[in-house]
1. Determine whether GLY28 is assigned to a loop (DSSP other than H, G, I, E, B), in contact (Cβ under 8 Å) with a residue 24 or more places away in the chain and either small (Gly, Ala, Ser) or touching a helix residue (DSSP H, G or I) at 6+ places or on another chain (Cβ under 8 Å) (or both).
2. How about the stretch 80-114: which of its residues are modelled with pLDDT under 80, at negative phi and outside any strand (DSSP E or B)?
3. Go through (1) within 12 Å of the chain's Cα centre (by Cα); (2) part of a loop (DSSP other than H, G, I, E, B); (3) surrounded by 17 or more Cβ atoms within 10 Å (Cβ to Cβ) and name the single condition LEU66 misses.
4. Here are ASP57, ASP125, ASP117: which of them is at pLDDT 75 or above, among the charged types (D, E, K, R), under 10 Å from the mean Cα position of the chain (by Cα) and in a strand (DSSP E or B)?
5. Condition first: closer than 24 Å to ALA113 by Cα, of a type in the set (D, E, K, R) and touching a residue at least 24 places away in the same chain (Cβ under 8 Å). Can you find one or more residues in the stretch 38-54 that meet it?
6. Keeping to the stretch 31-54, report how many residues are hydrophobic (A, V, I, L, M, F, W, C), part of a strand (DSSP E or B) and either farther than 13 Å from PHE107 by Cβ or touching a Gly at 6+ places or on another chain (Cβ under 7 Å) (or both).
Amino acid sequence: MSSQFYDNALRETYRFPAVAIDTGAIFGRVIGPAGKQGRVVNISGLVTAELTSGPTDITVDTVAGLTILPTMAIPALVADLGFAAPQRGVGGLNLADDLPADTVLEFASVGTAAAGDGDVTITIDWF
């Protein structure tokens, strides 16, 4: 019998093209594999239209709300520049809690910037 733990997780990457980073709105929803908890390991992307008056945040949450919200802070960037947090606790990525099993996750932009669009990628390890 095979089990998945932190060191043997099922890694899935979710891609969201053309997200209005400057708008406070949910841009995607997913649910993980049945019975598996998750852990956000990366939030990254490419700004496709200048992100002005930053920073703004990309968040991962549930409808009920997480205790400590996984969040990636994105600074003001010109078009064609990227943003990334390649590991836990790096570059403004707050990942203190694991994501609950069998729960719909919502990916959203907080919308504190005056303008900006981008392609966003979120990677989650399921265990």
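1. For GLY28, the condition - assigned to a loop (DSSP other than H, G, I, E, B), in contact (Cβ under 8 Å) with a residue 24 or more places away in the chain and either small (Gly, Ala, Ser) or touching a helix residue (DSSP H, G or I) at 6+ places or on another chain (Cβ under 8 Å) (or both) - is not met.
2. So in the stretch 80-114, the residues modelled with pLDDT under 80 come out as 85-97, 111-114.
Checking the rest, the ones that are also at negative phi come to 85-88, 90, 93-97, 112-114.
Across the stretch 80-114, the qualifying residues are PRO86, GLN87, ARG88, VAL90, LEU93, LEU95, ALA96, ASP97, THR112, ALA113, ALA114.
3. Exception for LEU66: condition (1).
4. Values: ASP125 fails: under 10 Å from the mean Cα position of the chain (by Cα); ASP117 fails: under 10 Å from the mean Cα position of the chain (by Cα).
Unique residue meeting the criteria: ASP57.
5. Of all residues in the stretch 38-54, those closer than 24 Å to ALA113 by Cα come to 40, 42-54.
Going one step further and asking which of them are of a type in the set (D, E, K, R), we end up with 50.
Remaining after also requiring touching a residue at least 24 places away in the same chain (Cβ under 8 Å): 50.
There is at least one residue in the stretch 38-54 that is closer than 24 Å to ALA113 by Cα, of a type in the set (D, E, K, R) and touching a residue at least 24 places away in the same chain (Cβ under 8 Å).
6. Start the filter on the stretch 31-54 by keeping residues that are hydrophobic (A, V, I, L, M, F, W, C), which leaves 31, 34, 40-41, 43, 46-47, 49, 51.
Right, trim to part of a strand (DSSP E or B) and you get 31, 40-41, 43, 46-47, 49, 51.
If we keep only those that are either farther than 13 Å from PHE107 by Cβ or touching a Gly at 6+ places or on another chain (Cβ under 7 Å) (or both) too, we end up with 41, 46-47, 49, 51.
Looking only at that region, the number is 5.
The values are calculated or read from the model by the stated rules, or taken from the named source; none is laboratory data. What you see is a predicted model, and the numbers here were worked out from it, not measured in a lab. Glycine gets a Cβ as well: all are built from the backbone with ideal geometry, and neighbour counts include every protein chain shown.
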